[in-house]
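The values are calculated or read from the model by the stated rules, or taken from the named source; none is laboratory data. Bear in mind that the values here come from a model prediction, so they are computed numbers and not experimental data. Virtual Cβ from ideal backbone geometry, glycine too; neighbours counted across all protein chains shown.
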Amino acid sequence: MAYQTYQYVILEQKEHVGILTINRAEKLNAINPQLATEFRNALLELNDDKEVRALLIRAAGDDFGSGRDVRETEGAVEERARLIFGTMDTIYKPIIGAWQGRAIGGSYVILLHCDIVVASEDARFQSGQINRGFTNVWCMKRMERLVGTRKAFEWIMSGDYVSAAEAERYGFANKVVPREKLDEAAMEMAGRFAGKSPLAMQVSKEGWLRAREMSIADSEAFLITLAESRLRDSEDRKEARAAISEKRAPVFKGH
C-alpha cells in the first residue's frame, strides 16, 4: 500500500509493522495543528492497511516531543487532543511507542495512549501543565489506572520529570534499553504482536477497551460473547489449530 506524503509525519511498513515517525525534530517535535491532523490521518491509513498488524509510533531527533507548540493559540489545544488521543482510542491494532529523550505534556500523553512503551535509558517525561498554571485533563484517569492513585498524583501534580527507570518500575514503560538499541528493541516488541493472528489481536484489544468500564462479571460475559461471535469459526483459528497439529508456524490471513 502506498502511503500519503506528509510534512511532519513519515509512514512506512516493515514485516507487518506500520511505522509512524513524528518528524518535526527542528522544533522538538512540538505538536501544532498541522502535525495533529497529519498524525490522525496517518493513524487511520495504517489502521486501514490490511498488511499492517501492529503500529509503532516513534519520533525523530533527540527527544520524543515537547508537547503543544507554544506559539499556537490555546483555543486549538482541545481540537488537537481530540485528533490525536481520540483517534488512538479507536485503533484496535496494538500500538507500541518508542520513547527517547524528553516527552512533555501532550507528547507524553501520546505514549500514555500506547499499549506498550519501550524507552531508552535517557528518556524522561513531564506532565508540565501544572507548572504553567493549568492541568492535563487528558492523562489523569488513564494514568491513575495505569500506575495507581498516589503515584499518578505525584507525577501529575508535582510537574517534575520522571525517569525511564521509575516509569518502568510503576508500569508506564514496559522495557528500558540503551539509546542505541531503542529502534531495534521497539521493532522486536512490535514484531511479537504482528506475528499473531491479526483478527484475534484486534478482537482482543477491542474487547479490552470496551470492557474496561464494566464490572468483572459483565466484562467476562461480554468478552465471551465477542470471542464466540468473531473468533470461534474464523480461518485464523483453524490455521492456528492446524499449525499446532502439524508442528509448523501458522500463516495467518486476518479472517
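Report, by residue number, each residue of the range 150-186 that is on the phi > 0 side of the Ramachandran plot and at pLDDT 95 or above.
The first filter runs over the range 150-186 and keeps only residues on the phi > 0 side of the Ramachandran plot, leaving 159, 171.
The one that is on the phi > 0 side of the Ramachandran plot and at pLDDT 95 or above: Gly171.
Going through Arg24, Arg53 one at a time, which residue ends up being farther than 30 Å from Arg210 by Cα and buried (at least 22 other Cβ atoms within 10 Å of the Cβ)? Talk me through it step by step, then tell me what you get.
Details: Arg53 fails: farther than 30 Å from Arg210 by Cα.
Just one listed residue meets the conditions, Arg24.
Within the span defined as the range 133-149, one or more residues are loosely packed, with under 14 Cβ neighbours inside 10 Å, out of contact with any Gly (no Cβ under 9 Å at 6 or more places or on another chain) and on the phi > 0 side of the Ramachandran plot.
Counting only residues that are of a type in the set (D, E, K, R) and assigned to a loop (DSSP other than H, G, I, E, B), which one in the range 168-226 is surrounded by the most Cβ atoms within 10 Å (Cβ to Cβ)? Give the derivation first.
Pass one, the range 168-226, residues of a type in the set (D, E, K, R): 168-169, 175, 179-181, 183-184, 188, 192, 196, 205-206, 210, 212-213, 218, 220.
Narrowing further to those that are assigned to a loop (DSSP other than H, G, I, E, B): 196, 212-213.
Working: Lys196: 17, Arg212: 9, Glu213: 8.
So, considering only residues that are of a type in the set (D, E, K, R) and assigned to a loop (DSSP other than H, G, I, E, B), the one surrounded by the most Cβ atoms within 10 Å (Cβ to Cβ) is Lys196.
Can you tell me how many residues within the range 25-54 are at pLDDT below 95, of a type in the set (S, T, N, Q) and closer than 20 Å to Phe125 by Cα? Within the range 25-54, residues that are at pLDDT below 95, of a type in the set (S, T, N, Q) and closer than 20 Å to Phe125 by Cα number 1. Within the bounds of the range 201-218, is there any residue that is acidic (Asp, Glu), under 22 Å from the mean Cα position of the chain (by Cα) and under 23 Å from Ile104 (Cα atoms)? There is no residue in the range 201-218 that is acidic (Asp, Glu), under 22 Å from the mean Cα position of the chain (by Cα) and under 23 Å from Ile104 (Cα atoms).
Of the candidates Ile84, Ile91, the single residue that is closer than 21 Å to Leu146 by Cα, of a type in the set (A, V, I, L, M, F, W, C) and in a helix (DSSP H, G or I) is Ile84.
Looking at the range 96-106, can you tell me whether even one residue there is of a type in the set (A, V, I, L, M, F, W, C) and assigned to a helix (DSSP H, G or I)?
Applying the first criterion (of a type in the set (A, V, I, L, M, F, W, C)) to the range 96-106 yields 96, 98-99, 103-104.
Restricting the remaining residues to those that are assigned to a helix (DSSP H, G or I) gives none.
Scanning the range 96-106 turns up no residue that is of a type in the set (A, V, I, L, M, F, W, C) and assigned to a helix (DSSP H, G or I).
I'm trying to understand the selection: among the residues of the range 1-58, which are assigned to a helix (DSSP H, G or I), over 23 Å from Lys253 (Cβ atoms), touching a residue at least 40 places away in the same chain (Cβ under 8 Å) and of a type in the set (D, E, K, R)? Once the filter is applied, which keeps residues that are assigned to a helix (DSSP H, G or I), over 23 Å from Lys253 (Cβ atoms), touching a residue at least 40 places away in the same chain (Cβ under 8 Å) and of a type in the set (D, E, K, R), the range 1-58 yields Lys27, Arg40. Here Phe125 qualifies as assigned to a strand (DSSP E or B), of a type in the set (A, V, I, L, M, F, W, C) and in contact with a strand residue (DSSP E or B) (Cβ under 9 Å, 6 or more places away or on another chain).
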